[in-house]
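The values are calculated or read from the model by the stated rules, or taken from the named source; none is laboratory data. Since this is a predicted model, take the numbers as computed values, not measurements. Because the Cβ atoms are built from the backbone with ideal geometry, glycine has one as well, and the counts that use them run over all protein chains shown. Side chains are part of the model used for accessible areas, which takes the heavy atoms of the whole protein and leaves out ligands, DNA and RNA. Shrake-Rupley method; radii C 1.70, N 1.55, O 1.52, S 1.80 Å.
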Amino acid sequence: MKSSWLALPITAALTSTMMAQAEPVYRINGIPGPQVSSQPLVKELENELSALRRQIEARSKAANLAQALEAGLLNNPLLAAAYAEIQGQQWSAIASRRQWYPTISIGSGSNLPRLNLPSQSFSDTSIVDSYPAVDVVKRSSGSTRNSGGNLGLTLNWTFFDPSRGASINSAEESLKRQRLLFDVSARNLALEVQLAYFNLQKQKQLIKSYDEILQFTVRQVRLAEAKFNNGLISIADVEQIRTQQYAIISTQIEAYREFFNASSRLAETMALPPGNLVLPSDDLSAEGQWDESLEKTIEQALLLREEIQASLAAAESASWRATSLFNTYWPRFSLGASTQYDYTYSNITSSTQPTINRRNRSWNGGVGIGFTWQLFDGGINAAQGEIQKAISRQARDQAAQNRLSVTKEVEQSFSAYQTGLRGLRSTEAQAKSARAAAGAVEKRFQVGVDDISSLIVALNQAIRAANDYSSAILIYNSSVAGLYRSSARWPSGTRLLLETRINTLRQR
């Protein structure tokens, strides 16, 4: 049953290809031999691939690597979000420094500001009646209406607060950390743009290589069909090369899918408008080199990597915050002054005496020096301080872990560079040999020396060689970019672009 099931598609295919056959060229025992013709599905698929190519050209913006880096660093919103965090931390540091400023309060009504300090005070009160006092009448009727208001002003300046300086230092270290993290975001973005561009170059190169292999295969399919129509090979040979043709078309379709993904990824890092793609303006080739030794590269990375410095800044910030909390148990000394103005107006009406209008104005105020001393708060601030000390230790441990991670990144990028450099030469030779082998097998197949199996093997080797060569270039270029990133070096021209973006973000 299995053998008949396997034979069914071949029989059906052979029958369908004989439906629209050309005039037979040869006969078998006087019977016209079977004939085959090109399958229309192949042409349809080739037209669809051409449509995909036109779609890419219509939607894509051509760019080289320098242009991609410029667009990413000047337009990507990730950097804007990272810089907004810097600005927020800047204002936090400003708020901490402004604790040195005096405070001024003004109010009226029952909640007037008061000076709660030992002080020297003064007052000035005046009462004015519109008429002199009159004799009291035993029987009288009348009414009194009162109105008035008050206004108070208090100035207070805490000139000695042991927790304030440590709080300011904590905010400054947090600001330093945020600036370092912004540089980390910028470096990561530059690396993402580079890797996305190299990957897109690879997909473009693969599409080009697959297209050449497909055209080569199309010629072999036509040759095989012609040989079959002349009775030189079997239908099995024809279907084998056709199968290989469909396999290459499927590979080409997958390459287009990967190209769309890689192009959209690069467009994202470049912050292009929705619907736009990127088409590399230059072909895939080995870019750059690294001349420093592994030891020197690691040394520079450990010295300059912002991730390590950011963790150390976080540790310092938490340590200063702990000091600030512990220093709240020391006394605070303040200088203060306050003044208050009160005004009342009374209207007294009586049946036995003239109307009396009474006005009352008074000033009072004081200046002095005082202190507050929180001897015990239940140990809350002490516990909070211990939490900050633990956070500081954690951040220092994270810095140590970052040093290990940075060392690993440098070593991985350096080994990828070394192996990639050697892989370039071997895969380039492999690609040349594969092309030469395919050409030789094609000629031998034409004259009937080699069979279809040798041709298919040569085609598969050509596909594998194209993949290996483009992957080797990608690995090499990515390793160079990785070495720049892991050793905290800016790619050429990117530092100036970043400064331009910072100036733009600062003016928002």
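Please indicate, with yes or no, whether at least one residue in segment 398-418 is over 22 Å from Asn169 (Cα atoms), in a helix (DSSP H, G or I), in contact (Cβ under 8 Å) with a residue 40 or more places away in the chain and among the acidic types (Asp, Glu).
Within segment 398-418, one or more residues are over 22 Å from Asn169 (Cα atoms), in a helix (DSSP H, G or I), in contact (Cβ under 8 Å) with a residue 40 or more places away in the chain and among the acidic types (Asp, Glu).
Taking segment 254-274 only, how many residues are open to solvent by less than 50 Å² (accessible area, probe 1.4 Å) and closer than 21 Å to Glu70 by Cβ? Outline the logic, then answer.
In the first step, residues of segment 254-274 are kept if they are open to solvent by less than 50 Å² (accessible area, probe 1.4 Å); the result is 255-256, 259-260, 262-263, 266-267, 269-272.
Then keep just the ones that are closer than 21 Å to Glu70 by Cβ; that gives 262-263, 266-267, 269-272.
Going through segment 254-274 one residue at a time, the tally reaches 8.
Being out of contact with any helix residue (DSSP H, G or I) (no Cβ under 7 Å at 6 or more places or on another chain) and farther than 28 Å from Thr103 by Cα narrows it down to one of Thr339, Thr349, so name that one. Before you say what the answer is, go through the steps one by one.
Working: Thr339 fails: farther than 28 Å from Thr103 by Cα.
Unique residue meeting the criteria: Thr349.
What about Phe228, is it closer than 30 Å to Pro34 by Cα and open to solvent by less than 50 Å² (accessible area, probe 1.4 Å)? Please lay out each step first, then the result.
Working: closer than 30 Å to Pro34 by Cα: yes; open to solvent by less than 50 Å² (accessible area, probe 1.4 Å): yes.
Spelling it out, Phe228 is indeed closer than 30 Å to Pro34 by Cα and open to solvent by less than 50 Å² (accessible area, probe 1.4 Å).
Could you list all residues from segment 319-337 that are open to solvent by 70 Å² or more (accessible area, probe 1.4 Å) and either under 10 Å from Gly385 (Cβ atoms) or assigned to a strand (DSSP E or B) (or both)? Write out each step before concluding.
Step one: list which residues in segment 319-337 are open to solvent by 70 Å² or more (accessible area, probe 1.4 Å), which gives 320-321, 330, 332-333, 335.
Result: Arg321, Arg332, Phe333, Leu335.
When you check Leu266 against the structure, is it at pLDDT 95 or above and not polar (S, T, N, Q), yes or no? Spell out the reasoning first.
Values: at pLDDT 95 or above: yes; not polar (S, T, N, Q): yes.
Answer is yes for this residue.
Matching residues to (1) within 44 Å of the chain's Cα centre (by Cα); (2) open to solvent by 20 Å² or more (accessible area, probe 1.4 Å):
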position: Phe182; (1), (2): yes, no
position: Glu192; (1), (2): yes, yes
position: Leu200; (1), (2): yes, no
position: Asp211; (1), (2): yes, yes
position: Val238; (1), (2): no, no
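Every residue in segment 383-393 that is open to solvent by 30 Å² or more (accessible area, probe 1.4 Å), in contact (Cβ under 8 Å) with a residue 24 or more places away in the chain and not β-branched (Val, Ile, Thr), please.
Within segment 383-393, Gln384, Glu386, Gln388, Lys389, Arg393 meet the criteria.
Being open to solvent by 30 Å² or more (accessible area, probe 1.4 Å) and within 20 Å of Gly368 (Cα to Cα) is the filter here; which residues of segment 338-349 pass it? Even if it seems obvious, please write down each step before you answer.
We begin by selecting, within segment 338-349, every residue open to solvent by 30 Å² or more (accessible area, probe 1.4 Å); these are 339, 341-345, 348-349.
Across segment 338-349, the qualifying residues are Thr339, Tyr341.
Is segment 386-395 home to any residue that is outside any loop (DSSP other than H, G, I, E, B), among the hydroxyl-bearing types (Ser, Thr, Tyr) and under 30 Å from Thr323 (Cα atoms)?
In the first step, residues of segment 386-395 are kept if they are outside any loop (DSSP other than H, G, I, E, B); the result is 386-395.
When the remaining residues are screened for being among the hydroxyl-bearing types (Ser, Thr, Tyr), the result is 392.
Okay, now just the ones that are also under 30 Å from Thr323 (Cα atoms), so 392.
Within segment 386-395, one or more residues are outside any loop (DSSP other than H, G, I, E, B), among the hydroxyl-bearing types (Ser, Thr, Tyr) and under 30 Å from Thr323 (Cα atoms).
Assuming Glu295 fulfils every condition listed in (1) within 30 Å of Asn477 (Cα to Cα); (2) open to solvent by 40 Å² or more (accessible area, probe 1.4 Å); (3) touching a Leu at 6+ places or on another chain (Cβ under 7 Å) apart from one, which condition is it?
(3)
From the list Thr372, Thr407, which residue is under 21 Å from Ala481 (Cα atoms) and β-branched (Val, Ile, Thr)?
On the way: Thr372 fails: under 21 Å from Ala481 (Cα atoms).
Matching residue, one of Thr372, Thr407: Thr407.
Restricting to segment 273-292, name every residue that is without any contact (Cβ under 8 Å) to a residue 60 or more places away in the chain and under 26 Å from the mean Cα position of the chain (by Cα).
Result: Pro273, Pro274.
Residue-by-condition table, conditions (1) touching a Phe, Trp or Tyr at 6+ places or on another chain (Cβ under 9 Å); (2) modelled with pLDDT of 95 or more; (3) part of a strand (DSSP E or B):
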residue	(1), (2), (3)
Thr144	no, no, yes
Arg164	yes, no, no
Ala190	yes, yes, no
Val221	no, no, no
Arg242	no, no, no
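For segment 401-451, name all the residues that are over 23 Å from Asp468 (Cα atoms), open to solvent by 50 Å² or more (accessible area, probe 1.4 Å) and among the hydrophobic types (A, V, I, L, M, F, W, C).
Those that are over 23 Å from Asp468 (Cα atoms), open to solvent by 50 Å² or more (accessible area, probe 1.4 Å) and among the hydrophobic types (A, V, I, L, M, F, W, C): Leu404, Val447, Val449.
Checking the conditions here, which among Ala481, Ala462, Ala458 is within 26 Å of Glu428 (Cβ to Cβ), modelled with pLDDT of 95 or more and crowded, with 22+ Cβ neighbours inside 10 Å? Spell out how you get there, then give the answer.
Details: Ala462 fails: modelled with pLDDT of 95 or more; Ala458 fails: modelled with pLDDT of 95 or more.
Going through Ala481, Ala462, Ala458 in turn, just one is within 26 Å of Glu428 (Cβ to Cβ), modelled with pLDDT of 95 or more and crowded, with 22+ Cβ neighbours inside 10 Å: Ala481.
If you take the residues in segment 425-474 that are in contact (Cβ under 8 Å) with a residue 24 or more places away in the chain and part of a loop (DSSP other than H, G, I, E, B), which one is nearest to the chain's Cα centre (by Cα)?
Per the stated criteria, the residue is Asp451.
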